[in-house]
1. Looking at the range 213-227, can you tell me whether even one residue there is surrounded by fewer than 17 Cβ atoms within 10 Å (Cβ to Cβ), small (Gly, Ala, Ser) and in contact with a helix residue (DSSP H, G or I) (Cβ under 8 Å, 6 or more places away or on another chain)?
2. Here is a check on your reading of the model: is GLY17 in contact with a helix residue (DSSP H, G or I) (Cβ under 9 Å, 6 or more places away or on another chain) and small (Gly, Ala, Ser)?
3. So how many residues does the range 22-44 have that are surrounded by fewer than 22 Cβ atoms within 10 Å (Cβ to Cβ) and either within 11 Å of the ligand (Cβ to nearest atom) or modelled with pLDDT under 95 (or both)?
4. Check off (1) under 17 Å from the mean Cα position of the chain (by Cα); (2) under 18 Å from PRO219 (Cα atoms); (3) within 15 Å of the ligand (Cβ to nearest atom); (4) surrounded by fewer than 17 Cβ atoms within 10 Å (Cβ to Cβ) for GLY201 and give me the number that stays unchecked.
5. Of all residues being on the phi < 0 side of the Ramachandran plot, of a type outside the set (Asp, Glu) and in contact (Cβ under 8 Å) with a residue 60 or more places away in the chain in the range 62-102, which is farthest from the ligand (Cβ to nearest atom)? Just the residue, please.
6. Between a residue in the range 117-139 that is within 15 Å of ILE20 (Cβ to Cβ) and any residue that is in a helix (DSSP H, G or I) and β-branched (Val, Ile, Thr), which pairs come within a Cβ distance under 8 Å, given they are 6 or more apart or on different chains?
7. Within the range 160-170, is there a residue that is farther than 18 Å from GLY71 by Cβ and without any contact (Cβ under 8 Å) to a residue 24 or more places away in the chain?
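The values are calculated or read from the model by the stated rules, or taken from the named source; none is laboratory data. From a predicted model like this one, the values you see are computed outputs, not experimental measurements. Virtual Cβ from ideal backbone geometry, glycine too; neighbours counted across all protein chains shown.
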Amino acid sequence: MEIIILPSKEDCAKLGGQLIFNLVKGNPECVLGLATGSTPVPLYEELIRLHKEDNLSFSNVTSFNLDEYIGLSKNHPCSYRYFMQEQLFNSVDINFNSTHVPNGLADDIQVECEAYEQSILDAGGIDLQILGIGSDGHIGFNEPCSSLSSRTRMKTLTGETIKDNARFFESENDVPRHCITMGVGTILDTKSVLLFAFGEGKSDVISKAIEGPISSMVPASALQLHPKVKVILDEPAASKLVNIDYYKEVYANRPSS
Ligand code: F6R
């Protein structure tokens, strides 16, 4: 894991934008794995800026989102499909048919999940996966105790996630209890990962995920097994890392490429 600590989330978004810029310029047909929630918002703003000001085209890019609530239509303002349209897709030149978000209204959720896995394989796998992290250690909606080899499937949200996500809904009761999420195994199969975390509220879980043991109780800790992960943190999110000075030294002295 490469741990990168920058002063602000805007700095983190700039770096993430540059990495995605380089990937898409080098391979315009690349496959991006996308996340929702508040964490990737500054990154998506940066991608829109790069599209408008620096000619970054998404016209041949394919995308797969990590997850979707079960029971919300794509037009529901809290659905992840709606989020992606609003926060990114409507503002860049990506082809709608090349964007994939699990269908939370599928008649047969199991069939939907298997088809989602197959579409990722058919696209040649995910070149770069963007991740946030839940305060309970989830990535995607892989809640604590998720199998570390799990694939796309239905999950039940924990009470902590329901509380965390209630801010997007009118009330906690409106947060769906179930979702479709790529599995931890699906995420481990991606070719590279950028995990972002911002704010003091994420500092405990970040230290567990990066410096703690690999455990299904902290699904993000499985990323320790992934060969190509950059963890991009602002100072407050990094504040509880034991080896913080070492990570800063490694980054400051990184070989130029
Ligand atoms: C969303 C997702 C989740 C979020 C996590 C953090 O697609 O996969 O794992 O990344 O819940 O959410 P925020 O960024 O709102 O703190």
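1. Of the residues in the range 213-227, the ones surrounded by fewer than 17 Cβ atoms within 10 Å (Cβ to Cβ) are 213-215, 217, 224-225, 227.
So of that shortlist, the ones also small (Gly, Ala, Ser) come out as 215.
Okay, now just the ones that are also in contact with a helix residue (DSSP H, G or I) (Cβ under 8 Å, 6 or more places away or on another chain), so 215.
Yes, the conditions are met somewhere in the range 213-227.
2. On the way: in contact with a helix residue (DSSP H, G or I) (Cβ under 9 Å, 6 or more places away or on another chain): yes; small (Gly, Ala, Ser): yes.
It is true that GLY17 is in contact with a helix residue (DSSP H, G or I) (Cβ under 9 Å, 6 or more places away or on another chain) and small (Gly, Ala, Ser).
3. Summing the residues that are surrounded by fewer than 22 Cβ atoms within 10 Å (Cβ to Cβ) and either within 11 Å of the ligand (Cβ to nearest atom) or modelled with pLDDT under 95 (or both) in the range 22-44 gives 4.
4. The one condition GLY201 does not meet is (1).
5. We begin by selecting, within the range 62-102, every residue on the phi < 0 side of the Ramachandran plot; these are 62-70, 72-102.
Restricting the remaining residues to those that are of a type outside the set (Asp, Glu) gives 62-66, 69-70, 72-85, 87-92, 94-102.
Subsequent filtering for residues that are in contact (Cβ under 8 Å) with a residue 60 or more places away in the chain retains 62, 64, 66, 69-70, 72, 78, 102.
Numbers: THR62: 17, PHE64: 11, LEU66: 4, TYR69: 10, ILE70: 14, LEU72: 13, CYS78: 12, PRO102: 11 Å.
That would be THR62.
6. What qualifies is ILE126/ILE120; LEU128/ILE20; GLN129/ILE187; LEU131/ILE187.
7. The answer is yes; a qualifying residue exists.
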